[in-house]
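**Student:** Once you've had a glance at the structure underneath, I'll fire off some questions.
The values are calculated or read from the model by the stated rules, or taken from the named source; none is laboratory data. Being a predicted model, the structure only gives us computed values, none of them experimental. In this analysis, Cβ positions are derived from the backbone assuming ideal geometry, glycine residues included, and neighbour counts consider all displayed protein chains. The protein model used for the area step is the full one, side chains on, heavy atoms only, and it has no ligands, DNA or RNA in it. Shrake-Rupley method; radii C 1.70, N 1.55, O 1.52, S 1.80 Å.
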Amino acid sequence: MVNTFLKTRWNKMATLLVIGLTAILVILAASVEPALAGNLQRGGFSKFSNGNGAHGGGLPAINGGIAGLSGFRFNFKGGDHHIASVAATFDTSYIGSCEGSWCVLYGDKGHDDPFWYDMGWQELPVGAIYKLSHISLQNNTTIYRLGDATPGTTPVLTGFRMSVNGYTDMHLGQISARVYTENGSVYAYAWFEDDGGSKSRYANISYAEIPNAHIQTKPPISGSSSGKEVSGSLSAQHPVLQGFGMLFWGNDHHIDRLGAEVSPGGWRITFEDKNHDDRYLYWLYWAELIP
């Protein structure tokens, strides 16, 4: 049982790293124009929720009306909990209870536990093409084709939602949402699982295809943590997320704090239960936008 568990985790880790290296080589081979004069807005906010479902709001006017996701972070007020849904998005079309330009959702099946949340947004360059996908998550499947890729573009995240179907919840063992192109298609590397994988789950992933002249993919950030939040420096002006992934090394757990963030000054990954002592692995995929 233990050998099977470890083999599954190593297979997912190896797949994610191979996909990352392939994507980097493809982007580096493409021509990228130097940065042009101009600027792209970016910003963020921290708020508190009493836990009664999804929350949304507005952003300044930006190109196309939808921003790129540069970061999210959730923190339950009263310790850790099971998880039923987690969402951080600037495309609110797939969360009907949200009004405005952004939406968050974080809770167990009752959606009645207060939490703090951070959101970071990055205006996207002109020419961005917005798309939305729905994925029925399957056990032992991590790669999903989302559709045809627009030639000469690279995808970035504008938002995601991971949920357990029905009025139920689960421990969390691993979570990932990442978009990339390969052989003319856009793919998602996605998981949202406990150790048993017995729950019916789905994901909504929204993304924007950015013209290659306005984007430069950077090497992924990866590593392991003893259980605490990890962070580092980042040299960037307009970073945006392409994806993230975290998985507990060992058993699944209740979840307390969860997040993935990039900013001009640094990056941060959070994946903890209330004790902050459970080792986990992480990956962070990001790109620099060029005005």
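**Student:** Please indicate, with yes or no, whether at least one residue in region 46-54 is touching an Asp or Glu at 6+ places or on another chain (Cβ under 7 Å) and assigned to a loop (DSSP other than H, G, I, E, B).
**Tutor:** yes
**Student:** Let me ask something else. Search region 170-189 for residues being outside any strand (DSSP E or B) and open to solvent by 20 Å² or more (accessible area, probe 1.4 Å), and hand back the single one that is farthest from E288 (Cα to Cα).
**Tutor:** Among residues in region 170-189 that are outside any strand (DSSP E or B) and open to solvent by 20 Å² or more (accessible area, probe 1.4 Å), the one farthest from E288 (Cα to Cα) is H171.
One line per residue, one yes/no per condition, for (1) out of contact with any helix residue (DSSP H, G or I) (no Cβ under 9 Å at 6 or more places or on another chain); (2) not hydroxyl-bearing (S, T, Y):
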{"residue": "K77", "(1), (2)": "yes, yes"}
{"residue": "I83", "(1), (2)": "yes, yes"}
{"residue": "Y94", "(1), (2)": "yes, no"}
{"residue": "G107", "(1), (2)": "yes, yes"}
{"residue": "W116", "(1), (2)": "yes, yes"}
{"residue": "E123", "(1), (2)": "no, yes"}
{"residue": "V126", "(1), (2)": "no, yes"}
{"residue": "K131", "(1), (2)": "yes, yes"}
{"residue": "L137", "(1), (2)": "yes, yes"}
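**Student:** Which ones in region 45-85 are closer than 22 Å to A287 by Cβ and within 17 Å of the chain's Cα centre (by Cα)?
**Tutor:** Correct list: I66, A67, G68, L69, S70, G71, F72, R73.
**Student:** Given the residues S224, S206, S231, which is the only one that is crowded, with 20+ Cβ neighbours inside 10 Å and either among the small types (G, A, S) or outside any strand (DSSP E or B) (or both)?
**Tutor:** S206
**Student:** Which residues, counting only those in region 55-102, are out of contact with any Cys (no Cβ under 6 Å at 6 or more places or on another chain), over 21 Å from F244 (Cα atoms) and either among the β-branched types (V, I, T) or at pLDDT 90 or above (or both)?
**Tutor:** Once the filter is applied, which keeps residues that are out of contact with any Cys (no Cβ under 6 Å at 6 or more places or on another chain), over 21 Å from F244 (Cα atoms) and either among the β-branched types (V, I, T) or at pLDDT 90 or above (or both), region 55-102 yields H55, G57, G58, L59, I62, K77, H81, S93, S101.
**Student:** Is it true that P239 is within 18 Å of E288 (Cβ to Cβ) and open to solvent by 50 Å² or more (accessible area, probe 1.4 Å)?
**Tutor:** Against the criterion (within 18 Å of E288 (Cβ to Cβ) and open to solvent by 50 Å² or more (accessible area, probe 1.4 Å)), P239 does not qualify.
**Student:** Regarding L157, is this residue touching a Phe, Trp or Tyr at 6+ places or on another chain (Cβ under 8 Å) and aliphatic (A, V, I, L, M)?
**Tutor:** yes
**Student:** Could I ask something else about it? Need the failing condition index for T142 against (1) at pLDDT 95 or above; (2) touching a helix residue (DSSP H, G or I) at 6+ places or on another chain (Cβ under 8 Å), just the number.
**Tutor:** Against the list (1) at pLDDT 95 or above; (2) touching a helix residue (DSSP H, G or I) at 6+ places or on another chain (Cβ under 8 Å), T142 comes up short only on (1).
**Student:** Could you please let me know if Y144 is closer than 25 Å to D194 by Cβ and either in contact with a Lys or Arg (Cβ under 8 Å, 6 or more places away or on another chain) or without any contact (Cβ under 8 Å) to a residue 12 or more places away in the chain (or both)?
**Tutor:** no
**Student:** Determine which single condition P219 fails, assuming it passes every other condition in (1) under 19 Å from R73 (Cβ atoms); (2) in a loop (DSSP other than H, G, I, E, B).
**Tutor:** With (1) under 19 Å from R73 (Cβ atoms); (2) in a loop (DSSP other than H, G, I, E, B) applied to P219, the lone miss is (1).
**Student:** In addition: Looking only at region 244-291, how many residues end up being touching a helix residue (DSSP H, G or I) at 6+ places or on another chain (Cβ under 9 Å) and closer than 19 Å to I210 by Cβ?
**Tutor:** Count: 5.
**Student:** If we keep just the residues of region 214-239 that are within 23 Å of H276 (Cβ to Cβ) and hydroxyl-bearing (S, T, Y), which is farthest from the chain's Cα centre (by Cα)?
**Tutor:** Across region 214-239, the extreme among qualifying residues is S226.
**Student:** Then there is this: Go through region 111-140 and count every residue that is within 28 Å of E193 (Cβ to Cβ), open to solvent by less than 50 Å² (accessible area, probe 1.4 Å) and not in a strand (DSSP E or B).
**Tutor:** Of the residues in region 111-140, 3 are within 28 Å of E193 (Cβ to Cβ), open to solvent by less than 50 Å² (accessible area, probe 1.4 Å) and not in a strand (DSSP E or B).
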